[in-house]
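The structure appears below as structure tokens.
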Amino acid sequence: MSATIEPNEDPRAAAGRELLEETGWRANKLTLLGTQHAMPGLLKMRLHVVLAEDLVPGGVERKLEEMEMIEVEELTEAEAWAATEDGDASSFLSLGLLYLARHRQVRG
């Protein structure tokens with residue numbers, strides 16, 4: 001998911017808002033893993049990586065913008081890794097986020 005963060009908005013709050021709007025799920029725990037630059041030297045875009053944990057149905061209808069084509073699928077971590085290997089999840093961003101999550105688990 002991606003979103004524009006409002007001025008002075010905490011990245012975790014923005015991630016929680018977008019998670020609810022785009023998936024209909026709410027996270028009971030949001031952790032900022034870090035901030036990355038998308039393409040230094042080409043874009044002035046920063047990406048705040050937020051880990052959403054302990055997800056529960058949000059009790060609201062999804063609010064997708066006209067151009068958003070988002071399908072919600074529940075996967076275990078093993079299933080998500082398998083999707084990157086067989087090409088079902090071909091986004092470099094998805095793969096990068098899985099690596100960040102794994103790195104976080106190893107570091108404890």
Q | Yes/no for Thr35 being hydroxyl-bearing (Ser, Thr, Tyr), part of a strand (DSSP E or B), modelled with pLDDT of 90 or more and not assigned by TED's automatic domain parsing to the domain that holds Arg104 | A | no
Q: Within region 9-22, track down each residue that is under 20 Å from Glu66 (Cα atoms) and either hydrophobic (A, V, I, L, M, F, W, C) or more than 11 Å from the chain's Cα centre (by Cα) (or both).
A: Ala14, Ala15, Arg17, Leu19, Leu20, Glu21
Q. So which of Ala83, Ala101 is of a type in the set (A, V, I, L, M), at pLDDT 85 or above and outside the structural domain of Pro11 (by TED's automatic domain parsing)?
A. Ala83
Q. Hey, among Ile70, Ile5, which residue is part of a loop (DSSP other than H, G, I, E, B) and touching an Asp or Glu at 6+ places or on another chain (Cβ under 9 Å)?
A. Ile70
Q.
Restricting to region 11-62, and then to whatever is touching a Phe, Trp or Tyr at 6+ places or on another chain (Cβ under 7 Å) and surrounded by 12 or more Cβ atoms within 10 Å (Cβ to Cβ), can you tell me which residue is farthest from Leu75 (Cα to Cα)?
A. Gly58
Q | Tally of residues being loosely packed, with under 12 Cβ neighbours inside 10 Å and more than 16 Å from the chain's Cα centre (by Cα) across region 74-102 | A | 4
Q: Among the residues of region 38-61, count how many are within 20 Å of Leu98 (Cα to Cα) and in a strand (DSSP E or B).
A: 10
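The values are calculated or read from the model by the stated rules, or taken from the named source; none is laboratory data. Predicted model only: the values in this text are computed from it and were never measured. Here Cβ is always computed from backbone atoms with ideal geometry, including for glycine, and neighbour counts include all displayed protein chains.
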